[in-house]
Amino acid sequence: MRISVMSQLQRSFSMEFPSLVSLKLPSPMETHLWYIRPDEVKSPSLLKHYSQLLSPSEKDQVSQLRGDALKKNALLARTLVRTTIARYQTNNAVDPRSLMFKKNIYGKPEVDWQNYKNCNIPPLHFNISHTDSLIVCGVTVHVPIGIDVEDKERKIKHDVLAFAERFYSADEVKFLSTIPDPESQRKEFIKLWTLKEAYVKALGKGFSAAPFNTFTIQSKAETKEEYSLCKTSEMTASSLEKTNKCDREWKFALLELADSHYAAICIEDDQASGGAPMRVIVRKTIPFVEDELISESKLL
Amino acid sequence: MASSFCSSISMQAPISAKTTRFSLQKPVSIFNNRKTNLSFSLHRRSMPARLAVSCAVKQETVEKVSEIVKKQLSLTDDQKVTAGTKFTELGADSLDTVEIVMGLEEEFGITMAEERAKEIATVQQAAELIEELVQEKTA
């Protein structure tokens, strides 16, 4: 029903699609997770509208991808980022088309607010990740965020333990090797991958800042739902000491999305929440069309 | 990547006016041993002809890399992969890239540092790094 309304608007040469519905900001230590299922976005006029939101360089990047599915997903990813960030601005003050992006010195994308210096811009952080069948954007206020999603059924072409021995930390290899069933082992491997990727992305300093074998992520003994980060080796200025320092600076959450994916979130802990677990609000969306609050996201 | 010129590397003498830059990932003593898991990279912009590593990669290397990439990403025969092909254009994510690296390591009998491995963006770059490491191994 909504789709036909938009087609009518287009035909009448209206400048806009329906306005984006504005959103309330995340509270501290809360992550908002938005996802799109590409197979639910089929309308050519809607996709055309999305493509009009992109900057010229984004359009170039989309066109370089091989195949329609890749192009569509890249388009949806940029649309998700632009529309989501625009919606958090007060009074829809920001047109998603006009948002500018830049990269920090290590290449992590962030919003460039240079044209909005006089407006009351909240300190939003975002990060995206996608697979063939899911596009996800995480948003926080005040603290850096990294997310990573993987298809639960993703097959690893190499032997899982060989892969882990090559790239993961010794403690993680130990953990994985205690899992007798290969399928469970593969699943735990994927979960660990998403958690580790989410951390590196949250850190935002590039791959070399945190090689996978220099830190361990493990679930906390007390509650199965929480994960903590321990660095397996710390290089100090004076010597190459090996210390096991468990970091209180980062919070993790791992959940199942859309019954098909593992999603890991890592945010910087502002230490003000007293060790409380991260709150995650998950919503499925089709930009300009509808949002759906997913209240039953399983935290793993 | 930070680049620093290290004047104590003996293999670069004599050098022409255009020097080769080595970028060291960890500024600790690296030339005690000749292990292939040292991570350093050559910037290709200025390359004296005297250095043993060649600029142009062998077609054979490019083809082997392409085969491994195609297998990892389950590409069909009509999806062409050339030296300049970027992995991301083919839909590879970071997990794919790491798996490709493992495949390359197995095929060529080398070890790539993870940071270098994740930065490989094209078939050409993979082939260059492979030849660099193979050269070093057999040197």
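The values are calculated or read from the model by the stated rules, or taken from the named source; none is laboratory data. The structure presented is a predicted model; accordingly, all values stated were derived computationally and were not measured. Note: ideal-geometry Cβ built from the backbone for every residue, glycine included; neighbour counts use all protein chains shown.
In this structure, A:LEU229 does satisfy being more than 12 Å from chain B (Cβ to nearest Cβ), at pLDDT below 90 and under 20 Å from the mean Cα position of the chain (by Cα). Output yes when any residue across segment A:158-166 is loosely packed, with under 15 Cβ neighbours inside 10 Å, assigned to a helix (DSSP H, G or I) and within 14 Å of chain B (Cβ to nearest Cβ), and no when none is. Checked segment A:158-166: at least one residue is loosely packed, with under 15 Cβ neighbours inside 10 Å, assigned to a helix (DSSP H, G or I) and within 14 Å of chain B (Cβ to nearest Cβ).
Identify the residue in segment A:283-300 that is over 20 Å from A:ASP39 (Cα atoms) and not in a loop (DSSP other than H, G, I, E, B) and, among all such residues, is modelled with the highest pLDDT. For segment A:283-300, the residue satisfying everything is A:LEU299.
Residues that are in contact with a Lys or Arg (Cβ under 7 Å, 6 or more places away or on another chain) and surrounded by fewer than 17 Cβ atoms within 10 Å (Cβ to Cβ): does segment A:86-107 have at least one? Yes, that holds for at least one residue.
Might you let me know whether segment A:110-118 holds any residue that is modelled with pLDDT of 95 or more and under 29 Å from A:GLU249 (Cα atoms)?
Restricting attention to segment A:110-118, the residues satisfying the condition of being modelled with pLDDT of 95 or more are none.
No: segment A:110-118 contains no residue that is modelled with pLDDT of 95 or more and under 29 Å from A:GLU249 (Cα atoms).
For segment B:111-126, a residue qualifies if it is more than 9 Å from chain A (Cβ to nearest Cβ), at pLDDT 90 or above and not in a helix (DSSP H, G or I), and exactly one does: B:THR122.
In segment A:188-224, which residues are crowded, with 16+ Cβ neighbours inside 10 Å and away from chain B (no Cβ under 14 Å)? Those that are crowded, with 16+ Cβ neighbours inside 10 Å and away from chain B (no Cβ under 14 Å): A:GLU188, A:ALA202, A:GLY204, A:THR216, A:ILE217, A:GLN218, A:SER219.
Checking each residue in segment A:49-68 for being modelled with pLDDT under 95 and basic (Lys, Arg) picks out only A:ARG66. Looking only at segment A:113-156, residues that are part of a strand (DSSP E or B), of a type in the set (Gly, Ala, Ser) and within 13 Å of chain B (Cβ to nearest Cβ) come to 2 in all. Of all residues in segment B:56-110, those being out of contact with any Ser or Thr (no Cβ under 7 Å at 6 or more places or on another chain) and part of a helix (DSSP H, G or I) number 31.
Scanning segment A:188-207 turns up no residue that is in contact with an Asp or Glu (Cβ under 7 Å, 6 or more places away or on another chain) and in a loop (DSSP other than H, G, I, E, B).
Taking the options A:LYS152, A:LYS174, name whichever one is surrounded by fewer than 18 Cβ atoms within 10 Å (Cβ to Cβ) and in contact (Cβ under 8 Å) with a residue 60 or more places away in the chain.
Values: A:LYS174 fails: in contact (Cβ under 8 Å) with a residue 60 or more places away in the chain.
After ruling out the rest, the residue left standing is A:LYS152.
Of everything in segment A:52-110 that is among the polar types (S, T, N, Q) and not in a helix (DSSP H, G or I), the residue that is nearest to the other protein chains (Cβ to nearest Cβ) is A:ASN104.
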